[in-house]
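The values are calculated or read from the model by the stated rules, or taken from the named source; none is laboratory data. Small disclaimer: the values here were computed from a predicted structure and weren't measured. As a convention, Cβ positions derive from the backbone with ideal geometry for all residues, glycine included, and neighbour counts pool all protein chains shown. Note: areas computed on protein heavy atoms with side chains; ligands, DNA, RNA excluded. Shrake-Rupley method; radii C 1.70, N 1.55, O 1.52, S 1.80 Å.
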Amino acid sequence: FMLHSRDRCRTWRAYPVCTGGARMERNDGHNDIDGPPPIFIYGRFDKLLRVRLPQKRPDGGLDMGPSVVVANDSISASCHSGGGNYLATKGDKTYVVWASKTTIPGKELDGTPCYIATIDRKAGTVGKKVLLGFAGSGHPDDHNLPAISIDGKGYLHVVLGAHHDQFRHTRSKKPLDASGPWTKPKPFG
């Protein structure tokens with residue numbers, strides 16, 4: 001559920017979000033959430049990744065609207081170990097990152113494939129997914145999750161998570177453009 005108050009937190013209304021797990025985008029770096037935050041929704045058993053884009057109604061309530069499907073092979077994205085944002089919003093675009101359960105032929109032991117896609121919030125459409133790189137090593141692992149942030153110049157930064165390996169950092173080469181190119185992921189930490 002998403003809780004919403006229209007009277008400075010004196011009363012609350014609960015809006016159903018989903019079954020499964022969910023995480024709201026949080027303020028981080030230079031994202032701008034003007035209104036209700038986008039919600040990252042992941043299935044615990046079906047590997048379906050969706051994003052819900054709630055909107056404020058003219059009467060002050062919320063319209064939860066339908067969710068948009070981003071991927072059907074995501075690794076469950078639980079909120080443990082203080083994980084970072086999977087969503088970063090700027091203007092009418094929400095950028096979403098996720099880890100995939102599907103290995104890439106010839107790279108089965110290279111780690112967990114991590115992707116990004118752009119959601120056009122006005123149209124409710126999802127753009128092409130882009131492979132950012134691999135997190136960790138070995139088979140896909142639900143500890144190898146990416147996190148995203150936007151810097152003051154609009155560049156997208158993604159940290160590819162690690163389970164027993166170094167983190168990796170990649171950055172978009174164009175501001176507010178997830179379609180690529182991206183810098184080669186560099187290990188750190």
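Okay, here's what the table says:
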{"read-out": "Where trypsin sites (Lys or Arg not before Pro) fall in DSSP loop in segment 1-40, at most 10 other Cβ within 10 Å", "value": "Arg8, Arg10"}
{"read-out": "Dipole axis of the chain (+1 Lys, Arg; -1 Asp, Glu on Cβ), positive-most option in Ala14, Ser137, Pro187", "value": "Ala14"}
{"read-out": "Segment 100-166-segment 168-183 distance, computed between alpha-carbon centres (Å)", "value": "12 Å"}
{"read-out": "Theoretical gain in end-to-end length, Thr102 to Asp177 [0.36 nm per residue, Cα-Cα removed]", "value": "24.5 nm"}
{"read-out": "Sequence-distant lysines (8 or more away, or on other chains) whose Cα lies within less than 25 Å of Lys56", "value": "Lys90, Lys93, Lys122"}
{"read-out": "About the Cα centre, charge dipole magnitude for the chain (Lys/Arg +1, Asp/Glu -1 at Cβ), debye", "value": "380 debye"}
{"read-out": "Relative contact order, percent, the chain [alpha-carbon distance under 8 Å, six or more residues apart]", "value": "14 percent"}
{"read-out": "Contour excess over end-to-end distance, with Cα ends at Phe1 and His163 and 0.36 nm allotted per residue", "value": "55.3 nm"}
{"read-out": "The chain, accessible surface, carbon-and-sulfur percent (1.4 angstrom probe)", "value": "53 percent"}
{"read-out": "Listed peptides 115-127, 94-106, 50-62 by packing density, highest first (mean Cβ within 10 Å)", "value": "94-106, 115-127, 50-62"}
{"read-out": "Accessible area (Å², per residue) of segment 1-54, counting only protein heavy atoms and a probe of 1.4 Å", "value": "63 Å²"}
